[in-house]
Amino acid sequence: MAVIRTMTTKPYQSKLVEIEVEIARMRTRRPPVPYRRIASDLRERLGIKVDPATIFRFVKVRSKGRRVYALPPLKSRQNRSDNRTQDARGIAVQSPLIPHSTERTARPPRVAAQSVPTTKKEPFLKTFIPGNQYNLTRLSPEEKEAFEQELERQLELDRQQTESRKGD
Amino acid sequence: MPCKVIFTAGAKGGSGKTTAARFVLGYVHQQGVTPLIMDLDDESKSLSRFYPEALQVNIHEEFAHDVLIEKATSGRQALVVADLKGGTGHEILNWFLDVPFNDLRQEGVEFVCIGSVTSAPDSVQSFLNWPAALGDRVSYIVFRNLKDGDQLFDYENSVQATEFRKRLSPAHITIPKLSSSYQAELEIRRLTFFHVLEGSNGNSSDGQPLGPILGTLMARARLRSFQARIFEQFDTVATTLLPRQ
């Protein structure tokens, strides 16, 4: 009991929870992407170092008794995806404004447990997810420079559109 | 009479919101402006500790924050400085979303949001909730508070903060790290820089003893130079801070 009382940290949660949609997508392909290839893909693209067996166990415990282990239908998880959207193939990708960072964020972006109100209109900050849980994306100097240039370009486009609307 | 409402924003406690408000108050006082000071932080009442004349608001009452608008539209105040509660900014942010900014602008009421960010990542996260919700309806002054370290990585190098700076063009004020012994003395004795620097004969401007640490000539010289570095920066954003003539 004394041990339980001293357990003040949050319960352990797999780092794969954040990319569950992506893993599910790869496993629901026919033929499914092997766990070994998923592991190497995650390492290369997202910098997440994970053993293939870990991904297998991750899928297994969520398979709800399926004989061939598979994650539950995607619909139930899509609204849990973070600041990623889905491309034409339905594969989770980050918002186009957010560059793929080589440096991992302290904690990956996620939907905050305690929501913060925003207006119903288009958000003022397109890359920011309101909430009190840290979900910022850190950039290297090169990535920051590229992002600023992209942002400048978009702001210029916005300005031009506003001016043309005024002209009409 | 046009009125400017300066309010501190940010859900995280201890990021330096009240410190920022104190420097703003010191600056506007020096410019000969007497603002209405409102303390809407019912837990720590931190601004009231330094400014006993501050109007304390019981924010637990429904629509308690409406008093901010009432004062701003009363025609008697040119400047209102409000220190909002840290820790849980959601209720206040919800309240702000009801504020008719356009109508108030026509009445001459403008809002300036003061944020304070430190090297703590959460200070940036919590502050960005405000511009994300309020957008360009208010002006922004961000205090880069270096009390916990010189590197504000999440403010300088995150995607979201970069977007904020590009889209909403905030003004910036840097608060260097103050000697911890001076900081502690100011807190314990509930003194502002103004109280110390305007005092004489070992007493503050309101008659309190300054004590052995703050009472020395060198301590006052250092505080004066520290304050001057901040006020020089305020000069560049004076049009945002001071009421319209």
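For the pairs A:LYS166/B:LYS71; A:LYS144/B:LYS45; A:LYS15/B:LYS45; A:LYS126/B:LYS12; A:LYS49/B:LYS166; B:LYS85/B:LYS177, flag any whose C-alpha to C-alpha distance is greater than 32 Å. The partial results should precede the final answer.
Numbers: A:LYS166/B:LYS71 36 Å; A:LYS144/B:LYS45 39 Å; A:LYS15/B:LYS45 40 Å; A:LYS126/B:LYS12 22 Å; A:LYS49/B:LYS166 34 Å; B:LYS85/B:LYS177 23 Å.
The answer is A:LYS166/B:LYS71; A:LYS144/B:LYS45; A:LYS15/B:LYS45; A:LYS49/B:LYS166.
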Once amide H atoms are built 1.01 Å from N in the peptide plane, which residues 5 or more positions from B:MET38, or in another chain, come under 5 Å H to H?
B:LEU55, B:VAL81, B:ALA82, B:ASP83
Whole angstrom only: what separates the Cα centroid of the stretch B:120-147 from the Cα centroid of the stretch B:171-239?
25
Using amide H atoms built in the peptide plane, which far-off residues or other-chain residues are under 5 Å from B:GLY199 H to H?
B:SER205
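Taking beta carbons within 10 Å but only from partner chains, what does the mean come to for residues A:142-152? Working shown, then result.
Values: counts 0, 2, 5, 0, 0, 6, 4, 0, 0, 6, 1.
Mean partner-chain Cβ count within 10 Å for A:142-152: 2.
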Karplus-derived HN-Hα couplings along the stretch B:162-176 (A = 6.51, B = -1.76, C = 1.60, θ = phi - 60°), whole Hz, x at Gly and Pro:
5, 4, 4, 5, 6, 6, 10, 6, x, 7, 10, 10, 9, 9, x
Express the relative contact order of the stretch B:179-239 as a whole percentage, based on alpha carbon pairs under 8 Å and six or more residues apart in sequence.
25
Quick one: which residues, 5+ away or cross-chain, put their amide H under 5 Å from the amide H of B:GLY108? H built at 1.01 Å from N.
none
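Please compute, for peptide B:237-243, the average count of beta-carbon atoms on other protein chains lying within 10 Å of each residue's beta-carbon.
Numbers: counts 0, 0, 0, 0, 0, 0, 0.
Mean partner-chain Cβ count within 10 Å for B:237-243: 0.
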Once phi for every residue in the stretch B:181-196 is put through the Karplus expression 6.51 cos²θ - 1.76 cosθ + 1.60 (θ = phi - 60°), the whole-Hz ³J(HN,Hα) values, with Gly and Pro written as x, are 5, 5, 4, 5, 4, 4, 5, 4, 8, 6, 10, 9, 4, 4, 4, 6
Three principal axis lengths of the stretch B:179-239 [C-alpha, angstrom, descending]:
36, 23, 19
Taking every alpha carbon pair in the stretch B:3-177, what does the distance histogram look like in 5 angstrom bins from 0, in percent?
2, 8, 18, 22, 22, 16, 9, 3, 0
Cleavage-rule hits, trypsin sites (Lys or Arg not before Pro), the stretch B:21-76, DSSP coil, Cβ neighbours within 10 Å at most 11:
B:ARG76
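Readers should treat all values here as calculations from the given coordinates under stated rules, not as data from a laboratory. Computed from a predicted structure; not experimentally measured. Note that each Cβ is placed from the backbone with ideal geometry, even for glycine, and that neighbours are counted across all protein chains shown.
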